[in-house]
Amino acid sequence: MLFETQAVHVGRAPDPVSGAVAPPLVLSTTFARDGDYAPPASGDIYGRTGNPNRRDLESLLAALEGGVAALCFSSGQAVTQSVLQALNPGDHVLFPRDVYHGTRNLLTQQFERWGLSASFVDMDDSLIVEQAFRPNTRLLWLETPSNPSLKISDISALASLSHAHGVLCIVDNTWATPVWQRPLALGADLVVHSSTKYFGGHSDVTSGAIVAAHSSPFLDRLRAIQNLGGAVPSPFDCWLLLRSTPSLAVRVRAQTKSAGQIAHYLHTHPNVAVVHYPGLESHPGYAVAKRQMSGFGAMLSFEVTGGESHAARVARAVALFIRATSLGGYESLIEHRALVEGPQSATPRALLRCSIGLEHVDDLIEDLAHALV
Ligand SMILES: *Cc1c(COP(=O)(O)O)cnc(C)c1O
């Protein structure tokens, strides 16, 4: 089955009991055993450990990323936290310098106290990455395109480099989605998602997932953390994701088409200093993005010519773009990222980040045209 067909059919057979085509929502936290105390054929015992809706979602996400297994969590951050918990005190992790600020904060505010250490390096320069490995490095974390400046790192080159050092390579694929980028096929060991974003697609469910390319003791430990720690999505969260994922490819394709048009519009605008979008030939990561992505995604950011006050003016003046954080929903969002990230943010003060939604692109361009004075 090809991607779109998998998205519709994996984990989604009609219910054998009722014939229901849409999956029944199973809220039960416990499952009856027979007289000999054997669990039911589904294997379900208790809600934290497993649930039919979660199992269906996990099989779907594993298929879409081309992995052997997926584990779903209650948020993207719960995934990242579990990955870091699966490491040992004294271990070292390599992160991109411009990694998602929540990932950075988990490390610096939580896991340094556990004895984990990290280096934040420029992942677009493999020489710098090579020099950053230490004897105790266990994990190379990639995020491409990155947030919020859409830097591109070369997944296959960096995965080979990490394997040469005996280090696991993990990719945050939230922004690209498997519609455009398949990190496991490029050599990564693990893929993480904030499924709050494009998988959810409707800004109404907080959730996360990790997909593994192969079985490993690390995957076993993650599974144990999922069960023991219990940061699992509710059955309804899983049900919502089972409902939205079949339309992932059509949504992301339409959103990406508009994002490309908007990026080109902004690129020639006199009040815009620079547009960060990997589909622009002027973008420093264009060649690598073209090689490793089949589309450039629906996220972009741009810096206005007049600094922070100008960016604030533009964000205030838009009428269709909603001023809010997050991404991947059907509504377009705009955000002054430095304000959201806080005073220690390294994000340029003139930068605005946009998540392009499913509105007509002409209306979105007109909205930006009115605001960009
Ligand atoms: C949103 C996001 C996360 C965190 O996910 P939550 O679901 O908000 O916990 C991690 N990585 C990236 C790239 C994100 O955009």
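Among residues of the stretch 170-181 that are under 11 Å from Ala249 (Cα atoms), those with a beta-carbon under 8 Å from a residue that is more than 9 Å from the ligand (Cβ to nearest atom) and of a type in the set (Lys, Arg) at least six positions away or on a different chain give the pairs Val179/Arg253. Candidates in the stretch 204-221 are the residues that are within 16 Å of the ligand (Cβ to nearest atom) and surrounded by fewer than 24 Cβ atoms within 10 Å (Cβ to Cβ); of these, the one that is farthest from Ser156 (Cα to Cα) is Asp204. For the stretch 33-83, name all the residues that are within 15 Å of the ligand (Cβ to nearest atom) and hydroxyl-bearing (Ser, Thr, Tyr). Of everything in the stretch 33-83, those that are within 15 Å of the ligand (Cβ to nearest atom) and hydroxyl-bearing (Ser, Thr, Tyr) turn out to be Ser74, Ser75, Thr80, Ser82.
Taking the listed residues Thr196, Thr108, the one that is within 16 Å of the ligand (Cβ to nearest atom), within 19 Å of Leu84 (Cα to Cα) and polar (S, T, N, Q) is Thr108, with no other qualifying. If only residues of the stretch 228-276 that are touching a strand residue (DSSP E or B) at 6+ places or on another chain (Cβ under 9 Å) and of a type in the set (S, T, N, Q) are counted, the one that is nearest to Ala315 (Cα to Cα) is Asn271. Take the conditions (1) surrounded by 24 or more Cβ atoms within 10 Å (Cβ to Cβ); (2) touching a strand residue (DSSP E or B) at 6+ places or on another chain (Cβ under 9 Å); Tyr198 misses just one of them, which is (2).
Quick test of your reading of the structure: Pro148 fulfils all but one of (1) in contact with a Lys or Arg (Cβ under 6 Å, 6 or more places away or on another chain); (2) within 14 Å of the ligand (Cβ to nearest atom); (3) modelled with pLDDT of 95 or more. Name the failing condition by number. Unmet condition: (3).
The residues on offer are Arg221, Arg253, Arg243, and the sole one that is in contact (Cβ under 8 Å) with a residue 60 or more places away in the chain, within 15 Å of Val83 (Cβ to Cβ) and not in a loop (DSSP other than H, G, I, E, B) is Arg221.
Residue by residue, here is whether (1) touching a Ser or Thr at 6+ places or on another chain (Cβ under 9 Å); (2) without any contact (Cβ under 8 Å) to a residue 40 or more places away in the chain holds:
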position	(1), (2)
Glu4	no, no
His9	no, yes
Ala20	no, yes
Pro24	yes, yes
Leu27	yes, no
Ala32	no, yes
Tyr37	no, yes
Arg48	yes, no
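Within the stretch 163-180, restricting attention to residues that are assigned to a loop (DSSP other than H, G, I, E, B) and over 19 Å from Gly329 (Cα atoms), the residue that is nearest to the chain's Cα centre (by Cα) is Val167.
The residues of the stretch 359-373 that are in a helix (DSSP H, G or I) and among the aliphatic types (A, V, I, L, M), listed by number, are Val361, Leu364, Ile365, Leu368, Ala369, Ala371.
Taken together, the residues in the stretch 11-50 that are of a type in the set (A, V, I, L, M, F, W, C) and surrounded by 10 or more Cβ atoms within 10 Å (Cβ to Cβ) amount to 8. Within the stretch 36-44, does at least one residue satisfy the condition of being at pLDDT 95 or above and not in a loop (DSSP other than H, G, I, E, B)? No, every residue in the stretch 36-44 fails to be at pLDDT 95 or above and not in a loop (DSSP other than H, G, I, E, B).
Scoring Ala86 on the criteria (1) away from the ligand (no atom under 15 Å from the Cβ); (2) within 18 Å of Ser153 (Cβ to Cβ); (3) surrounded by 15 or more Cβ atoms within 10 Å (Cβ to Cβ) leaves a single failure, condition (2). Listed by position, the strands (runs of 3 or more DSSP E) contained in the stretch 68-143 that have at least 1 residues being touching a Ser or Thr at 6+ places or on another chain (Cβ under 7 Å) and over 28 Å from Met293 (Cβ atoms) are 92-96. Of the residues making up the stretch 89-105, those that are surrounded by fewer than 19 Cβ atoms within 10 Å (Cβ to Cβ), within 16 Å of the ligand (Cβ to nearest atom) and in contact (Cβ under 8 Å) with a residue 24 or more places away in the chain are Arg97, His101, Gly102.
The values are calculated or read from the model by the stated rules, or taken from the named source; none is laboratory data. Please read these numbers as outputs of a predicted model, since none were measured by experiment. Here the Cβ is made from the backbone with ideal geometry for all residues, glycine too, and neighbour counts use every protein chain on show.
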